[in-house]
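The structure appears below as structure tokens.
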Amino acid sequence: MTLVVYVVVAALAATGLFFGVRYFVRAYVRYRDSRLITCPANHEAAIVEVDAVHAALTSALGQPDIRLQNCWRWPLEKSCGQECLVQLDVAPAECLIRGVLMRWYDFKSCVYCGKHFSQIRLLDHKPALRTPEGKLLEWSELPAQDLQTALSAYEPVCWDCYLAQSFVRDHPEAVVYRPWRPGIPRAS
């Protein structure tokens, strides 16, 4: 009889642990990405990161306690009142950088090869940008205040072309340019 009680208690504990970990992971994923906000202090764009672990842990007790882990304006403005957190409550999905970039790349093609951006991978093989002057940039090199300018004036570049063009720029002595001649079949 006591063995049955132990098995039932162990099964209930395992089930509770499973659902607790599952809830924590979902809450963590909801808060982990960088977000684009307008800084209330200077009314310019800034990118912030929420303390996802703290938000996930406190969300188990009800309303999550959201606080910043990092901001592009820090360390100079680290003592700010974090009034920008209100924006994360009002429109959390619209603030996600990933969502902004995904919508921007939608229905666009690479300026070099013409390949359509179907699936954007922002963790690896990140697409890049080409400025009107022809300079190649990764998104991490772009200051937050220039994000709106980039979305309106810059051109999209796929990962493969970004690597190839960066190699041509950095090592021109190692590149051999051979224009395609008619009559030679292209490799598939």
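The values are calculated or read from the model by the stated rules, or taken from the named source; none is laboratory data. Note that this is a predicted model, so its numbers are computed, not measured. FYI the Cβ positions are ideal-geometry reconstructions off the backbone, even for glycines, and counts take in every protein chain you see.
With the condition kept exactly as written, say whether any residue in the stretch 59-66 is among the hydroxyl-bearing types (Ser, Thr, Tyr), in the same structural domain as PHE24 (by TED's automatic domain parsing) and either modelled with pLDDT under 75 or out of contact with any helix residue (DSSP H, G or I) (no Cβ under 9 Å at 6 or more places or on another chain) (or both).
No, the stretch 59-66 contains no residue that is among the hydroxyl-bearing types (Ser, Thr, Tyr), in the same structural domain as PHE24 (by TED's automatic domain parsing) and either modelled with pLDDT under 75 or out of contact with any helix residue (DSSP H, G or I) (no Cβ under 9 Å at 6 or more places or on another chain) (or both).
Given (1) farther than 30 Å from SER152 by Cα; (2) among the charged types (D, E, K, R); (3) at pLDDT 80 or above, where does GLU49 come up short, assuming only one miss?
(1)
Kindly evaluate ASP146 against the criterion of being exposed (fewer than 11 other Cβ atoms within 10 Å of the Cβ) and closer than 25 Å to CYS71 by Cα. Don't jump to the end; show me each part of the working.
On the way: exposed (fewer than 11 other Cβ atoms within 10 Å of the Cβ): no; closer than 25 Å to CYS71 by Cα: yes.
The answer is no for ASP146.
Can we say VAL48 is outside the structural domain of MET102 (by TED's automatic domain parsing) and either in contact with a helix residue (DSSP H, G or I) (Cβ under 7 Å, 6 or more places away or on another chain) or in a helix (DSSP H, G or I) (or both)?
no
Of everything in the stretch 14-48, what is without any contact (Cβ under 8 Å) to a residue 40 or more places away in the chain and hydroxyl-bearing (Ser, Thr, Tyr)? Give them in sequence order.
THR15, TYR23, TYR28, TYR31
Mind checking which residues of the stretch 149-172 are within 30 Å of ASN42 (Cβ to Cβ), surrounded by fewer than 16 Cβ atoms within 10 Å (Cβ to Cβ) and in contact (Cβ under 8 Å) with a residue 24 or more places away in the chain?
LEU151
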